[in-house]
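Read the structure below first, then the notes.
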Amino acid sequence: MSILEIENLSFSYGNPRGKLLENVLEGIDIRVAEGESVGLIGENGAGKSTFLKLLTGLLTLKNGVIRVSGFAMNKENLKAIRAEIGYVFQDSDSQLFMSTVYEDVAFAPRNYGKSEEEVREAALSALRQVHMEDKVDRQIYRLSGGEKKLAAIATVLSVGAKLMLLDEPSVALDPKNRRNLIRILNELPGAKIIASHDLDFVYDTCQRVILLSGGRIAADGETEKILTDRELLEQHGLELPLSFSRE
Amino acid sequence: MSRISDAISELHKLDMEADKPGWLQGIHPLPKLFVTVLFLVITVSFGKYELSGLLKLGIYLIVLFVLGDISVKLLLKRMKVVLALVCLMGIVNPFFDRREMLLLGGFAVTGGMLSAATLMLKGVYAVSASYLLIVTTSVEEICYALRRLHVPKLIVTVLMLVYRYIIVLLKETERMTEAYALRAPGQRGLDYKAWGTFAGQLLLRSMDRAQTVYDSMMLRGYDGEFYLRCKRAAGRGDYLYAAVWSAVLLFVRAGSAG
Amino acid sequence: MHMADALVSPAVAGTMYAVSAAAAAYSVKEIKLEDLDRKVPAMGVMGAFVFAAQMINFTIPGTGSSGHLCGGMLLSAVLGPCAGFLTMIAILAIQCLLFADGGLLALGCNVWNMAFYGCFVGGFLIWRMAAGRKMTKGRITAASVIGCIAGLQLGAFSVTIETLLSGITELPFAVFIGMMQPIHLAIGLVEGLITAAVLVFIYEARPEILYGYAQEDGGSSGRMSRKGTVTALFAAALVIGGVVSLFASGYPDGLEWSMEKVAGTTELFARGNVYQLAERLQGITAVLPDYAFKTSDSAAGTSFSGIVGGIVVLTACFFICVLIKKVKRSK
């Protein structure tokens, strides 16, 4: 069964006078199965961020259909959809606004009206999944960049999100933290969409890749195929992942 | 700018202290806040010549500093600012108030000297008591106590958010000032031509960050409610702490009433 | 301009807490009418911004010294006066708790002296009058400078009155006020110019951020009602007037004054049994009996023996505590 279904999605930003500008996204059709990991690649301005914001309802859907776990994207379903979908921001400091790890991870379950005991269970289980159980009461600002990223992932796991959207998760991580993040992401059972310029990272975490270019899907297929296709990548302003280009 | 890094390291150190395990750290925030405020009120309630009564009040600080194993090093640094201010206010007293109050051996102590000494002692007490509170209680715990005291949720929430983002913004400011200093060698501060752009850029970025924070809240089901929970309810020991200290402090005050 | 705990008497601290709390309650009520959930994160982050920005040294041309940003004015110009005021409360609370700037008891005073005048007088009245409907660079600059000066003058005046009413300094009123006001006139001018530079930059880059920018005449949302303005002004006038008249009527000791009002007597501690017992016990702790030294302290409540007694108590207490700790450790 698909966790995410997108049909004929297009989007354009309005300028301040309400006049619509050129489409940022056009004619997008995607299905993502449960547990599938999809890499979303494309040069700057290809529409990746807009796409992720539409999926979470941060931008209002105007044309096309988005269904998350069967819920059609609209105002009434927004809360239900946001319990299914978790968004990991590029900047962890903006995502983590409470002062300690526990309080932040517990924020979402509390908002969904769980009892304090359930909240605790959900928070601790989420932190265990990202191997942060020893940092439960740590102040956020004392975490390293890698730990902040993991804590941010835990904040979306604690509501039991079945689909996780990650925006540039590997940015500013050192090699060790990056490897650790790859390992943890691969352990997590839920579906993921990973938007990244770090094609090696995408290669290590995703079975499938969608290449966005100029707001349209330029390619959608197996990671192995797309990321080794030098001509396709270069045509859309990207380069082969380092691990292949050396050969 | 060293002020910024000073502030960051100060916050770090306070946090480290508050993280240490100890019986004082374990006491519920509400009674701790209550006793602190009571101590402060009693401290400032002493008249300007009532040095002896004020001295005795110091047992509160001594007991907690020694038995609570509280580091004094950080405190001394914090004392500087307040003592400077208090001295400024008190230093004139000996000149204006020359009534002889006491004879110490052959030396006449004037009212002004006495009131200056009392004022400085009050300054020391007040800073020490607040320090004792913050070094054994985390900001979240204080926020929780404030909520219990019916301080509006909006204020407590903003307090928590400001506290959370202080370090983030201090670091951002530090990076910017360093970058500025590198390109403007020899300047001690910010040239007036850069006043608006420098702080303005920082402000715009902060507004963008606020938008992301808002998004992050909305995505996690925020609907205007911030839930604040204390890790545990107040127990018998906490009530005892408050009761014993209230009794001792009031007792000292009552005993020194003119 | 932060007041310290040691500088206030309980009566002054209590009064200022009360008026500041009233202003805060009003702001909380008023702000609920605006789109609050969006404002909360902005208040938090902007509060942290002001905190950090106040640590930037802005060099004053032609002098070796530097000035700082005026938080209240800036916050009001971006968030509106009510949200700005509440954010300033959070900043002041954190400054007193974490950085020993100000104090827990003096917080009420500090909120009034800095946040209230900065946000409501400087940030609201003057911002609205000068920058108002048709913002221009000149108007923004004028509003910032006048607002900062007005806010700081009122704040400095309050500091003087509060300190004198608390009865802790022997400094005559005229000398004190003669020092405070001119200094803060200069500070206000510099802070105003710095704040103006920042606000003009914002106006050119993203004017829609500025409070009141996008609102046309009819849109009342986010604007304080006329009733609210009058109330705020009236409250300010009342407090200033009350404080001045208090001072003028020659009560040097605020505590005594308030006690007389509340209890009808200046004697705080009636002679109950408990007090007698306490006094007797304390008498024992005073090792040196009063008559051993000639003193003239009867009115002051302090004697040489009393001071020595106090020191003895503290020393004894210290050693007992150390002993307890040692015993506990050795177990």
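The values are calculated or read from the model by the stated rules, or taken from the named source; none is laboratory data. Source: prediction; values computed, not measured. No Cβ is skipped: glycine too gets one built from the backbone with ideal geometry, and neighbour counts run over all protein chains shown.
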Self-check item: Filtered residues of the stretch C:1-37 (kept if more than 9 Å from chain B (Cβ to nearest Cβ), part of a loop (DSSP other than H, G, I, E, B) and farther than 30 Å from C:G67 by Cα)
Solution: C:L33, C:E34, C:D35
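Residue by residue, here is whether (1) assigned to a loop (DSSP other than H, G, I, E, B); (2) under 29 Å from B:M16 (Cβ atoms); (3) of a type outside the set (K, R); (4) facing chain B (nearest Cβ under 9 Å) holds:
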site: A:T60; (1), (2), (3), (4): yes, no, yes, no
site: A:E76; (1), (2), (3), (4): yes, no, yes, no
site: A:G86; (1), (2), (3), (4): no, no, yes, yes
site: A:F107; (1), (2), (3), (4): no, yes, yes, yes
site: A:R110; (1), (2), (3), (4): no, yes, no, yes
site: A:K114; (1), (2), (3), (4): yes, no, no, no
site: A:A123; (1), (2), (3), (4): no, yes, yes, no
Quiz prompt | Residue check for A:A151: in contact with an Asp or Glu (Cβ under 7 Å, 6 or more places away or on another chain) and farther than 23 Å from A:R31 by Cβ | solution = yes
Practice problem: Identify all residues within the stretch A:212-225 that are more than 19 Å from the chain's Cα centre (by Cα) and touching a residue at least 60 places away in the same chain (Cβ under 8 Å); write none if there are none. | Solution: A:G214, A:A218
Exercise. Grab the helices (runs of 4 or more DSSP H) fully contained in the stretch B:12-57, keeping just those with 3 or more residues being surrounded by fewer than 24 Cβ atoms within 10 Å (Cβ to Cβ).
Key: B:23-26, B:29-45
Quiz prompt | Test: B:L54 is at pLDDT below 80 and either within 23 Å of C:V313 (Cα to Cα) or in contact with a Leu (Cβ under 7 Å, 6 or more places away or on another chain) (or both) | solution = no
Quiz item: Do we find a residue being out of contact with any strand residue (DSSP E or B) (no Cβ under 7 Å at 6 or more places or on another chain), touching a residue at least 24 places away in the same chain (Cβ under 8 Å) and away from chain B (no Cβ under 12 Å) anywhere in the stretch C:85-104?
Solution: no
Exercise. Determine, yes or no, whether C:I161 is surrounded by 20 or more Cβ atoms within 10 Å (Cβ to Cβ), within 11 Å of another protein chain (Cβ to nearest Cβ) and either of a type in the set (D, E, K, R) or part of a helix (DSSP H, G or I) (or both).
Key: no
Practice problem: Confirm whether B:E225 is part of a loop (DSSP other than H, G, I, E, B) and either more than 7 Å from chain C (Cβ to nearest Cβ) or without any contact (Cβ under 8 Å) to a residue 12 or more places away in the chain (or both). | Solution: yes
Self-check item: Matching residues in the stretch A:14-56 - criterion: being surrounded by 13 or more Cβ atoms within 10 Å (Cβ to Cβ), in a loop (DSSP other than H, G, I, E, B) and either modelled with pLDDT of 90 or more or at negative phi (or both)
Solution: A:E34, A:G35, A:E36, A:G42, A:E43, A:A46
Quiz item: Of the residues that make up the stretch A:169-184, is at least one closer than 20 Å to A:L55 by Cα and of a type outside the set (D, E)?
Solution: yes
Quiz prompt | Where a residue in the stretch B:1-24 is farther than 18 Å from B:Y163 by Cβ and more than 10 Å from chain C (Cβ to nearest Cβ) and its partner, wherever it lies, is exposed (fewer than 14 other Cβ atoms within 10 Å of the Cβ) and basic (K, R), with Cβ under 6 Å and at least six apart | solution = none
